[in-house]
Amino acid sequence: MATVTNPAADTRVLAAYRIAFGAVMLYSTIRFAANGWIADFYIRPKYHFSYLGMGWVRPLPGDGMYWLFALMAVCAAAIMVGGLYRPAILTFTAVFTYVELIDKAFYLNHYYLVSVMGCLMIGVPLNRRWAVDSWLRPALRADSAPRWALTVLRVQIGLVYFYAGVAKLHGDWLIEALPLRMWLPARADLPVIGPLLEQRWVAYAFSWAGAAYDLTIPFWLSWRRSRPFAFAAVIGFHAMTAILFPVIGVFPLVMLACSVVFLPSRAVSVTLSRPFPALIGVFLVIQAILPLRHYLYPGDVLWTEEGFRFSWRVMLVDKVGDVLFTLKDRESGAVWYAFPDEYLTPLQARQMAFQPDMILQFAHHLADQHGGNVAVYAEAYVGMNGRPARLIIDPRVDLAAQPDSLWAKSWLLR
Amino acid sequence: MLKRVIVALSLMALVGAALPAPARAAFDRRAMLRHLAEAIIIPAFREFDAAANELDSAVKAFAAAPNRNTLQAAQSAWVAAFLAWNRCELYAFRRLVPLFNQINKWPMNPKLVEGFIENAPIIDDRFIEGLGSTSRGLPALEYFLFDPIGGPDAVLSALQAPRRMAYLTGLANNLRIKADAALKIWLPEGGNYAEAFINADMEAGDVNGSVAMLTNQIVILLENIILQKVFKPLGTGEIGGTMPELAQAARSGQSLAAIGANVASIRLAFNGGEGIGLDDYVDSLGVLIDGQTLSARFNAALDKLVGLLNAPAFGNRLSPLGATVTADPFTFALVNDPAVVTALWAQARQTLRIFKTEVAANLGVLTLFTDGDGD
């Protein structure tokens, strides 16, 4: 295993990132609880859309979910101040990821990013400066850390931006300026820039600039000469997204916190070195491959959603669905209908209505609910980027008989 | 480094400021909301308030002299108030829902009501005000005023019991109070919600923005029609067989008329009547599908829906429940020609699909009824 001794990473950058990450996570956790979303997302729903093979991840009973979020908040605070850093980041990441794995209806790219960064942060020494740990244990204090400590964080953020940019190289985004052409005019009430947002050329400018930004910003942030301008662009970009799309919540804050890793690392003398953990290397390789898996599936990933999650397709498409399930008793031939709204929360129903794997999962749930000996058919209409809705699933296919797997779905109308 | 970032940000701001900004937005959303609030929504609540006051007077007159004539007057007043309410139902914005439930939460609970009549120590206005939503409001009034099997004689006979009559008059008085409150919420002398509605505009683009709220309300009402008002009575659920008793207003025979009133209110809000409405806003975006504007597509779907509501199969027939006084065309068709109800259901779903995937999507509002982040 190679040991890198020079150049080293400036622990001030690492510490600044840790503080920013912890602060944003603390705010995000408190905000989540204050909005009543713990109950809305994890207590009230009668059914949860599990990730494949993760059906065992269930909400904790009673007040368990509230305690989990309290634990997350405590850990986030500990990360921020650098107290018991390693146990705190380990616990935070485990709990946060557990919560996110409960229901894929609530999947968000920036939640996934938090889990990914948390995993990396477990293996990176971020508490050598400006931390309670290094204050209590002077032996821990250091001006420098192994260079890879900073590099792995930068590579991960770079991957996020880069793949978000690659995802934008799509006809709808570049040629039609969709969905920004639909979203921007809705913000015409904004002072100063509002009227501009109704101009079609502005949607095109935002689309192309957004793609260029995502594709190249990691490189501009990494180059010493362009770094100040790149940071200004990062601040401007995320401030703009926060203003234009308030519904994205803490996403801009998470990205701004992550951008801290690109702050200039001053030349420091190396006093300590640690070998590069192979596990982190494997992790990054997986991160580099995972967003490309949609190429294994036929059709447009924005329509089929096969390989959509975990691939940094952020604010890329506007989809609305409407699905009606028909159940047929295999013995008696009796036919009846099921409306998702009667089983799911509005948010779950909305998310499921345009995501085929969730429709399949819910069809299985309906079959289970009715003793298993029923065929389940879905009449699922999906409208993408303001176009007329069309069927996304072959309505003649018995979904109860279709396996839930990672293989391409033969019953999808691509 | 920090200085350079600040310089770069300043440069960006300068470049942004130098860009020629259009003098004003191409479409004046605030003017649309003002028109909708002042010319469409407030008049709808005013109409309901007047109808509820009429109903209260008619019920009082009936209580003073119970006979067929005064009963018929009370029944007519109830129908007018009920349909007026169904033209207000669209505007059940989140903060108004509790009040809306006190006015028209259905299905009502007859067992509960009979229990109160049997056991309540005293039935007066205060007692009625303390009732839950399923024991009061328009559906409870319908329960007392209409009897599709026994007809007016049965109604008159039942209301000879003083406690039943006290419950009825208490309900009418309470509805009048709630109708006044529903109107006042919108007026400057009350909650001035109209001004809040206008000012909220897009309100940070979230689900609380007025355009988003109104759009969502159209989706919610269409979904309500599809699932509660048509599908459940149609009985194609697990139990099987039509279930006329689940129709919204089978006792009074106003189930179909209520759906018609709902659809009329959607059309009025969408088109803004003679003025500026959501149709103008969505068309201002310049989106065409198959050469048609989005408003034309949605209005065509509404036209088809109205055409089905007026289908001959719904004609003025006697109720299958054996009514002699009231006839519910909806329940009649449910039993005798369910295909026409199924067609109505399918068209309502098509109308909803067009609204959600074309109109709401292009308006850039979220058809989302709970908060939550997205990315």
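On a 0 to 90 degree scale, rounded to 10, what angle separates helix A:227-244 from the longest Cα axis of chain A?
The answer is roughly 30 degrees.
I'd like the orientation of helix A:85-101 relative to chain A: the angle between its Cα long axis and the longest Cα principal axis, in ° from 0 to 90, rounded to 10.
Tilt of helix A:85-101: around 10 degrees.
Leaving ligands, DNA and RNA out of it, work out the accessible area of A:LEU244 with a 1.4 Å probe and give it in Å² to the nearest 10.
About 10 Å², ignoring ligands and nucleic acids.
May I ask you to evaluate 6.51 cos²θ - 1.76 cosθ + 1.60, the Karplus curve with θ = phi - 60°, for each residue of region B:280-289 and list the ³J(HN,Hα) values in order in whole Hz, giving x for glycine and proline?
Result, rounded to whole Hz: 5, 5, 5, 6, 5, 6, x, 8, 10, 10.
Points 7 angstrom from Cα along the Cβ direction at A:ARG330 and B:ARG30: gap in nanometres?
Taking the simple label geometry, A:ARG330 and B:ARG30 are separated by 6.2 nm.
If amide hydrogens are placed 1.01 Å from N in the peptide plane, which non-local residues have theirs closer than 5 Å to the one on A:ALA9?
A:ALA145, A:ARG147
Along the positive direction of the dipole of the protein assembly as shown (beta-carbon charges: Lys, Arg +1; Asp, Glu -1; about the Cα centre), which of A:TYR297, A:GLN156, B:PHE45 reaches farthest?
Final value for the positive-end residue is A:GLN156.
Calculate one ³J(HN,Hα) per residue across region B:52-57 by plugging θ = phi - 60° into the Karplus curve 6.51 cos²θ - 1.76 cosθ + 1.60, and present them in order as whole Hz with x for glycine and proline.
Couplings: 5, 5, 4, 4, 4, 5 Hz.
When the convex hull of the Cα atoms of region A:39-174 is projected onto a plane and the area is averaged over all directions, what value comes out in nm²?
On the way: hull surface 44.6 nm².
Its average projected convex-hull area is 11.1 nm².
Between B and A, buried accessible area summed over both sides at probe 1.4 Å, in Å² to the nearest 100?
For B against A, buried area totals roughly 4700 Å².
Using only Cα atoms, figure out Rg for the protein assembly as shown and give it as a multiple of 2.2 N^0.38 Å. List each step's numbers first, then the result.
Details: Rg = 30.3 Å, N = 789, 2.2 N^0.38 = 27.8 Å.
Expressed relative to 2.2 N^0.38 Å, the Cα Rg reads 1.09.
As a quick test, which of the pairs B:LYS184/B:LYS232; A:LYS104/A:LYS328; A:LYS319/A:LYS409; A:LYS319/B:LYS304 have an alpha carbon distance above 30 angstrom in this structure?
The answer is B:LYS184/B:LYS232.
Name the GluC sites (Glu not before Pro) in region A:295-376 that are in a loop by DSSP and that have at most 16 other C-beta atoms within 10 Å, would you?
A:GLU331
On a 1.4 Å probe surface of the protein chains, which of A:TRP67, A:TRP37 comes out largest in accessible area, and what is the full order?
Numbers: A:TRP67 185, A:TRP37 10 Å².
Final ranking, largest accessible area leading: A:TRP67, A:TRP37.
Sum -39500 (n - 2.57) across every DSSP H segment of at least 4 residues in chain A, then divide by the residue count to get the 222 nm mean residue ellipticity, nearest 500. Can you show the working numbers first?
Numbers: 15 runs with 194 residues, N = 414.
Calculated from helices alone, the mean residue ellipticity at 222 nm is -15000 deg cm²/dmol.
Rolling a 1.4 Å sphere over the protein heavy atoms, what is the accessible area per residue of the protein assembly as shown, to the nearest Å²?
40 Å²
In Å³ and rounded to a whole number, note down the convex hull volume per residue for the Cα atoms of chain A.
Measuring per residue, one finds 155 Å³ for the Cα hull of chain A.
Please list 3J(HN,Hα) in residue order for region A:141-152, calculated via the Karplus relation 6.51 cos²θ - 1.76 cosθ + 1.60 where θ = phi - 60°; whole Hz, with x for glycine and proline.
4, 7, 7, 10, 9, x, 4, 4, 4, 7, 4, 5
Once the whole set of protein chains is in place, how much accessible area is left on A:THR91, using a 1.4 Å probe, in Å² to the nearest 10?
In the full protein context, A:THR91 sits at about 50 Å².
Could you list which residues have their amide H under 5 Å from that of A:LYS319, counting only those 5 or more apart in sequence or on another chain, with H placed in the peptide plane?
Under 5 Å from the amide H of A:LYS319 lie the amide H atoms of A:ASN385, each far enough along the sequence or on another chain.
In region A:375-414, what residues drop by 50 Å² or more in accessible surface going from the chain by itself to the full protein assembly, probe 1.4 Å?
Output list: A:GLY386, A:PRO388.
Report in % the part of the accessible area of the protein assembly as shown that belongs to carbon and sulfur, leaving out ligands and nucleic acids; probe 1.4 Å.
Solvent-exposed carbon and sulfur of the protein assembly as shown make up 62 percent of the total.
The values are calculated or read from the model by the stated rules, or taken from the named source; none is laboratory data. None of these values were measured; they are calculated from a predicted model. Neighbour counts are summed over all protein chains in view; Cβ atoms, including those assigned to glycine, are modelled from backbone coordinates with ideal geometry. Surface accessibility is based on the protein's heavy atoms, side chains included, excluding ligands, DNA and RNA. Shrake-Rupley method; radii C 1.70, N 1.55, O 1.52, S 1.80 Å.
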